[in-house]
Each structure stands twice: as structure tokens, then as C-alpha cells.
Amino acid sequence: MSGMNFQYWHPEKEKIDRAKLGAWQLASLKKTLGGALRTDFYGRRLAEAGIVDAEDVKSLDDLRRIPFTTKHDLRAAFPYGMLAVGKDEVLRLHASSGTTGVPTTIYFNRNDIASWTALVARSIFSTGCDRRDVFQNMITYGLFTGGLGFHYGAEEVGMLVIPSGSGNTPRQFRIMQDYGTTVVHATPSFLLHVESRMREEGVRRDSIRLKRAFAGAEPYSEDTRRRIEELLHIDVFNSYGLSELNGPGDALECQCKNGMHLWEDAFLAEVIDPDTLEPLPEGETGELVLTTLCREAMPVLRYRTRDITAFYTEPCPCGRVHRRIRRIKGRSDDMLIVNGVNIFPSQVEEVVMGIKEAGNNYLIVVEKEGFMDRLTVKTEVGAKIFKDDDARVLNALRENIRRTLQTAITVNPRIELVESNSLPVSEGKAKRVLDKRPKDV
Ligand code: AMP
Ligand code: ZN
């Protein structure tokens, strides 16, 4: 790390004195509460907790008096129950990936877009990138925050931004070669896939100028990072975010690549025990809980991210005072992340149970195929259909389940039809998911 030249996008904010940061946080929390109290959802929720005025919160310790917010709450308040401003003030919405029925939707006004963009710009700059870089955003654009979030931040830094989106690997190489891409953003699994396709297609490393990658949207291990770095000869920076709290730019590794700075002038962070819901001492591992400090259209208070992590206790050599979180260890709920898309087993269940020819038992299998995730749903079918042995009937059923499920979860599943009573039945809680992906976090 010696010899590193640390540069700051917002030096006054990134190296702010911690006491000043605390004062800023308290003032911002009160402002946020003021907005939240105007919403249907928080107006009621906060009143139940005895908070009817922003001034009821006197110190940062009073944060504990504020009730938690969950994904369920966001869905229950759909579509506009959490809006703190008039709809005419809203500029954009994003929604969490892969959800059926009621999506978790987040709204941004002009100031929210600006503050989010500034956070992403600050994060990108902290990795050593600057306006001379050519940035290829190899991630899904659309409702997913990773596309436009990074796009705006990279433009703010002044990079040349190529909105390539994800997929179509051969085209991605061509773009890299044609425009001299120096930095990409992708899921770690897509980066591994890109590398193996490069080798297959004989793309020479010296024909591309890639130096760095931001990798996130799904969990991965330190070994995976090292592998991508060694194979592609680049630096990989872990990028963490969730749409409920903007998305990218929540936390990103700086040049030191040792934990992700969580921007504490924009979010109040806690780590709690997911069982007792009590805050844990600094440095202990638990569930990350975040409160927005500068979101106007849709403030979110004490959001339970379900992501398991811990704070580093020692300061970062880069000089930024914002605390770093460790690589996400897993989740405290049963959400699966398949190629970056969030899927709850209950979504699969809803589809399978909604198709009357499908039997009573099913099993979700997730494995690695090459470097990408592959989702298979094994579904039992009634003995009668199976015995008829009519391949056409079975094929039609398989295709029906596949299509309905793909619409619901946005990932293309493989469907395997199996005979009734052939899947394991557990005595206790049904085990619906077999995750065969290597766990080396
Ligand atoms: P979404 O709301 O679709 O942006 O998904 C957010 C979720 O993706 C987070 O709550 C995490 O569980 C997961 N996630 C995002 N980035 C990372 C990362 N760098 N490491 C591990 N998990 C991540
Ligand atoms: Zn740092």
C-alpha cells in the first residue's frame, strides 16, 4: 500500500472529523424524520413508537427508539405509501430485481438523484479511477439500480461511459477492444464467464486495456476476487448496495481493497443480532441495518438489509473516516441471489402450486455451470401424466412451468419433471433449496 497516491472526490466529506460527522448525522436524521413523518406509513409507525415530531429524537442514541423497516413493510406500503413528497416532484423509480407481485419500489426526486450520483462518483474515484478512464457498464440496465446508478456516477467523475449492459459476451470484447475500455462493472460471475470466453475465442490480453473492475450485486469470496484478478490481470473492487438504499454507491472498496467504506454522511449504520434485534458491539458480526440521511422522496428508517457483515475496527490507511464493512457473509433470510437476481423460494412455490398439473413437491437446485449460476426446479408431476408417457404432454407442461416461472423471477430456469413422491420429504421444515454452489466465503 505504500506509495499509493490517495485522492479524494469530496475531501471535506471523506476526511471529515468524526465529531463533526456525528453532528451532521443528528441534524440529517432529524430532517429525514421530518420527511418520514409526512408519509402515511411512517406517520403511523412512528406515532406508535411515541415519535410525533423530529425533535423527539435528541441524540443519535435515540435511533434505537425508531422501529425497524423491512422489505415486507416496503411492499405493504406499495405503491406510494412511503412517498414524502408530491408525486409531481418524483423523477425516477427503481425496483428490486426478481420480485413477483408487489415489487419494492424506490423513488427519487432531483436532489436524491444528485446525492446518489455524488456517492457513486466518490466511490468510483476512491478506487483510483478518474476522468481519463473508459468505463464499460456490463450490468443490467432498467429497473435494477446497478445500470443507471453506476452510469450517472461515472459520468459525474467525467469518465467516458459505455452503457453496454450485460450479456452478449463477444460483443463486450469488441467494445473493449474498439474503445479501449479501462474499467468495467459486472457481477463477479459474469467477469469469470467473460474471462473464460476470452480464452476460448483467442482474444489476446494485450488487445484490451482493462485495469479495473467493480464487482458486486451478489455474494462472492476473496478467492473468487483473487482468481478474477489473476486471470484478467486487473484490480477488482467489491461493490455493495441494495435498491432500498439507492443501490450502488452504498459501500465500495477504496484502493486499499480491504473492506468497503460505507458512506456515513448518507447512511446511519448499525449491526444488530438478527435474533434479539439488539445492536452488537463494534466489530461483531451481525445484520446490517441502515437509515437514509439525505433521501427526500423516500426516506427509509432502520432498514433491515438481512445482509450479514461486521465493521472493521481499525482505520483505513487511505485516510477516509467512514467505517468499512467486511465482505457480505450471507443473509439472515432465505433469499437466493442467482446471477445477481434476487429470488425468494416462495416465488417459485407460488408458480409451481399455481399450475394444477404440477405435483405437491418441488426442489430448487442452484449450481455453477461454467462460471454462471444455473437454477433448476425439479417438479413432481401426478402419476397419471407420467404414466401416460406422452412426451408431448410432458413437454408442454415443462414449457408452461418454465415460461411462467421465468416471467415471475426473470431468470430462465431449467425444469425437470419427476415422478410423484420421488423427491425427498423432510420431517421438519421442508428443505426446498439445494444450493450446490461452492461456499468459500
Ligand atoms: P438489489 O436490491 O437487487 O440491488 O439486491 C441487493 C442485495 O444484493 C443485497 O441486499 C445483498 O444481499 C446483495 N449484494 C449486493 N452487492 C453485494 C456484494 N458486493 N456482496 C454480497 N452481496 C451483495
Ligand atoms: Zn480506504
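The values are calculated or read from the model by the stated rules, or taken from the named source; none is laboratory data. Worth saying up front: this structure is predicted, and the values here are computed from it rather than measured. Because the Cβ atoms are built from the backbone with ideal geometry, glycine has one as well, and the counts that use them run over all protein chains shown. Note: areas computed on protein heavy atoms with side chains; ligands, DNA, RNA excluded. Shrake-Rupley method; radii C 1.70, N 1.55, O 1.52, S 1.80 Å.
Going by amide H atoms built from the backbone, whose H comes under 5 Å of the H on ALA358, apart from near neighbours?
Result for ALA358 returns nothing.
TYR80: accessible area at probe 1.4 Å, nearest 10 Å²?
About 100 Å², ignoring ligands and nucleic acids.
Compactness ratio of the range 20-162: Cα Rg over 2.2 N^0.38 Å, N = residue count?
Rounded to two decimals, the normalised Rg is 1.22.
Taking the Cα atoms of the range 132-173, report the difference between the largest and smallest coordinate on each principal axis, in whole Å and largest first.
27, 25, 8
Counting only the heavy atoms of the protein chains, how much of ASP235 is accessible to a 1.4 Å probe, in Å² to the nearest 10?
Accessible area of ASP235: about 60 Å².
Tell me which residues come under 5 Å, amide H to amide H, from GLU416 once H is placed; ignore anything under 5 positions away on its chain.
Sorted by chain and number, the residues that satisfy this are VAL377, LYS378, THR379.
Carbon and sulfur: what percent of the chain's accessible surface (1.4 Å probe)?
On the chain, the fraction of accessible area on carbon and sulfur atoms equals 50 percent.
Using the Karplus curve 6.51 cos²θ - 1.76 cosθ + 1.60 with θ = phi - 60°, work out ³J(HN,Hα) for each residue of the range 411-416 in order, rounded to whole Hz, and write x for Gly and Pro.
Karplus-based 3J(HN,Hα) across the range 411-416 equals 9, 7, x, 9, 10, 10 Hz.
Sorted from largest to smallest, which semi-axis lengths in Å does the alpha carbon gyration tensor of the range 302-349 give for its equivalent ellipsoid, taking the root of 5 times each eigenvalue?
Equivalent-ellipsoid dimensions as semi-axes: 31, 11, 8 Å.
Tell me the per residue accessible area of the range 336-435 using a 1.4 Å probe; a whole number in Å² is fine.
Heavy-atom accessible area per residue stands at 54 Å².
Is there a pair in LYS211/LYS329; LYS378/LYS431; LYS31/LYS58; LYS31/LYS71 whose C-alpha atoms are over 18 Å apart, and which pairs would that be?
LYS211/LYS329; LYS31/LYS71
Please report, in Å, the Rg and the Dmax of the range 326-440, where both are computed over Cα atoms only.
Cα only, the range 326-440: 14.8, 54 Å (Rg, Dmax).
How much area per residue is accessible in the range 1-331 when the probe is 1.4 Å and only protein heavy atoms are counted (Å²)?
Accessible area per residue: 41 Å².
Give the distance, in whole Å, between the Cα centre of the range 37-68 and the Cα centre of the range 101-144.
About 29 Å separates the Cα centre of the range 37-68 from the one of the range 101-144.
With +1 assigned to the C-beta of every Lys and Arg and -1 to the C-beta of every Asp and Glu, and no other charges, what is the dipole magnitude of the range 336-435 about the Cα centre in debye, to the nearest 20?
Here the range 336-435 has a charge dipole of around 120 debye.
In deg cm²/dmol and to the nearest 500, what is the mean residue ellipticity at 222 nm of the chain if only DSSP H runs of at least 4 residues count, each as -39500 (n - 2.57), divided by the residue total?
The helix-only estimate for the chain comes to -9500 deg cm²/dmol at 222 nm.
Computed on alpha carbon atoms, what radius of gyration and Dmax characterise the chain, expressed in Å?
23.0, 74
Hey, if you drop one equal point scatterer on each alpha-carbon of the range 249-347 and run the Debye formula without solvent, what base-10 log of I(q)/I(0) do you get at q = 0.14, 0.15, 0.21, 0.24 Å⁻¹?
-0.58, -0.66, -1.17, -1.32
Once you have a ≥ b ≥ c as the square roots of the Cα gyration tensor eigenvalues for the range 124-211, tell me rounded if a/c is under 1.5, and otherwise prolate or oblate according to whether a/b is larger than b/c.
Verdict is oblate for the range 124-211.
Work the Kirkwood hydrodynamic radius out for the range 165-219: mean of 1/r over every pair of different alpha-carbon atoms, inverted, in Å.
This gives a value of 11.4 Å.
To the nearest 10 square angstrom, what accessible area does HIS94 show with a 1.4 Å probe?
HIS94 has an accessible surface of roughly 0 Å² with all protein chains in place.
Work from the charge dipole of the chain (Cβ charges, +1 for Lys and Arg, -1 for Asp and Glu, about the Cα centre) and give the residue of HIS322, MET138, THR181 farthest towards its positive end.
THR181
Test of the criteria: in the range 42-97, which trypsin sites (Lys or Arg not before Pro) are in a DSSP loop and have at most 14 other Cβ atoms within 10 angstrom of their Cβ?
Counting only loop positions with at most 14 other Cβ atoms within 10 Å, the trypsin sites (Lys or Arg not before Pro) in the range 42-97 are LYS58.
Regarding the range 197-275, what is the average projected area of its C-alpha convex hull, in nm²?
7.4
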